[in-house]
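Working notes for the structure below.
The values are calculated or read from the model by the stated rules, or taken from the named source; none is laboratory data. Since the structure is predicted, the reported quantities are computational estimates derived from the model, not experimental observations. Here the Cβ positions follow ideal geometry from the backbone for every residue, glycine too, while neighbour counts run over all protein chains shown. Side chains are part of the model used for accessible areas, which takes the heavy atoms of the whole protein and leaves out ligands, DNA and RNA. Shrake-Rupley method; radii C 1.70, N 1.55, O 1.52, S 1.80 Å.
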Amino acid sequence: MDPLAQKIIAAHGGLDRWRTFTQLSAHLRQGGVLWPLKGHAGTLDETNVTVGLGTEWASHAPFGPDGNVTRFEPGKVEIRDAAGTLLKQLAEPRASFAGHTLETPWTEPQLAYFAGIAMWTYLNMPFLLAAPGVVSRSLGPWEERGEVWQKLEVTFPRDIATHSTVQTLYVDDAGLLKRHDYDVEIAGNTPGAHYIGGYVEVQGLKFPTQRRIFPRQADGTSLPEPLVVSIDLSDIRLN
């Protein structure tokens, strides 16, 4: 593993501690222009998210005003009512986004898929750097906001469902995440710059609670608007 990746994992509490847990839950508040653009204003403005740690799955509840519950896995998405009755499902969900652009509306199962891969990736990072098949390499320093951050390129294997095969992390001197870049493949490879802050310590591990995602330009700089997605987390619990 790249030495910078090792430093980042250690700064967030270490693999040994991380591996004592199997899932994480949190209260989630979201905003930004993406949700109405995709035809789902309000559906996930305030909800609870639970993700597997290591094993890739995620669930949002409530999903919409009727109190439905989602279950995302890389090969399928399900939406059930509060009693557990299956309402909608989508097999091989990634293939359903073929030909999509940033403006293409999503179905409810597609929204559940996007929300699933996003929150699973974010809440498992940076410990995903130690997952089988994940390759990382240092890219050197980056100056932004009057600070010097270190960049780490991360390449994911095909069996991990995430935003894009290649992503980039930016970390401060302590090894804490400051920014996370990727191209959203299921939305026409839309480039994003994802800023990270508001760290808290939970059960011996460090987690950011504030995330703000903006458009990313070809030179790597970000635009100050529009705010594509805002994410605020609270009540983080590990089991």
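Quick check on region 50-75: of everything there that is of a type in the set (D, E, K, R) and either farther than 16 Å from LYS88 by Cα or assigned to a strand (DSSP E or B) (or both), which residue is most open to solvent (accessible area, probe 1.4 Å)?
Across region 50-75, the extreme among qualifying residues is ARG71.
Looking at (1) surrounded by 20 or more Cβ atoms within 10 Å (Cβ to Cβ); (2) assigned to a loop (DSSP other than H, G, I, E, B), which is the one condition that is false for PRO132?
(1)
Kindly indicate which of GLY84, GLY116 is under 22 Å from VAL166 (Cβ atoms) and not basic (Lys, Arg). Working first, answer last.
Details: GLY84 fails: under 22 Å from VAL166 (Cβ atoms).
Exactly one residue qualifies, and that residue is GLY116.
Only residues in region 15-42 that are more than 23 Å from VAL229 (Cβ to Cβ) and touching a residue at least 24 places away in the same chain (Cβ under 8 Å) count as the first member; pair them with residues that are part of a helix (DSSP H, G or I) and open to solvent by 20 Å² or more (accessible area, probe 1.4 Å), Cβ under 7 angstrom, at least 6 apart or cross-chain, and list the lot.
LEU15/ALA130
Within region 12-56, which residues are of a type in the set (Ser, Thr, Tyr) and under 15 Å from the mean Cα position of the chain (by Cα)?
The answer is SER25, THR50, THR55.
Give just the number: which of (1) open to solvent by less than 20 Å² (accessible area, probe 1.4 Å); (2) closer than 28 Å to GLY13 by Cα does ALA112 not satisfy?
The number of the failed condition is (2).
Confirm whether THR104 is under 21 Å from VAL229 (Cα atoms) and assigned to a loop (DSSP other than H, G, I, E, B).
On the way: under 21 Å from VAL229 (Cα atoms): yes; assigned to a loop (DSSP other than H, G, I, E, B): yes.
Spelling it out, THR104 is indeed under 21 Å from VAL229 (Cα atoms) and assigned to a loop (DSSP other than H, G, I, E, B).
Taking region 131-188, which residues are aromatic (Phe, Trp, Tyr) and either within 21 Å of GLU56 (Cβ to Cβ) or out of contact with any Asp or Glu (no Cβ under 9 Å at 6 or more places or on another chain) (or both)?
TRP142, PHE156, TYR182
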